[in-house]
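Encoded as structure tokens, the structure appears first; notes follow it.
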Amino acid sequence: MRFWSKIARTAIFGDGTVRRAVWPFLALCCSMAAPMAMAHGGLSMDQDKCVLRVGPYFMHFAGYQPSSSGATEFCEDIPAAGQTVVTIDAIDDALRSMPLQVRIVRDTGAPPAEPPREADTVLYIPPKLYPAGSVSFEYKFDGPGKFVGYVQAGDNGQHVSRFPFSVGRTQSVWSSMMPYVGLGTLALLLLAYTGRRRISSKSVN
């Protein structure tokens, strides 16, 4: 908090040279807010589609809950508990000739580098070739919670995508965005304030 207060004071009351250095920094932070809020582990948004990075390769990720939201597609966090359908489609043709495996484990807070434990696994699809490049599965989440998904490709599962996600906790997404929303609001207020000061100084002169 002290850091941002200092930045705000500098942006308002600093000399012209310092302000010119601070404002690009604030603009950069605001421009980073949207992509940082959208990115989620191995998942990211690209042209309104959810893209999963598996090592050097890419797949499309799509989730559905037909019983509660029909054909509405979601990316990353699952909006509610219940029967969930997930489809992962290969973008790179090389994945069609590689064994693919999927695992979902409960998020225990273990470090990302630690391999998933069998005891925490709620769903496992063993390695298999998918010549059509599409992996689909269904799972019923009994209640809200935090999970981690793994998609592995290759004979030894050497290409890995790890992506944490939540079930029935969509509010947490907004909570993670709040610091960036606050930063953007601060930048806009500062811009408005300095603009008013300039107009006032011109009117006095």
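Laboratory data are not the source of any read-out in this text; all were calculated from the coordinates shown. What you see is a predicted model, and the numbers here were worked out from it, not measured in a lab. Neighbour counts are summed over all protein chains in view; Cβ atoms, including those assigned to glycine, are modelled from backbone coordinates with ideal geometry.
Values as computed for the structure displayed
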| item | result |
| --- | --- |
| Separation of the residue 93 and residue 67 label points, Cα + 7 Å toward Cβ, nm | 4.1 nm |
| Separation of the residue 122 and residue 134 label points, Cα + 7 Å toward Cβ, nm | 2.6 nm |
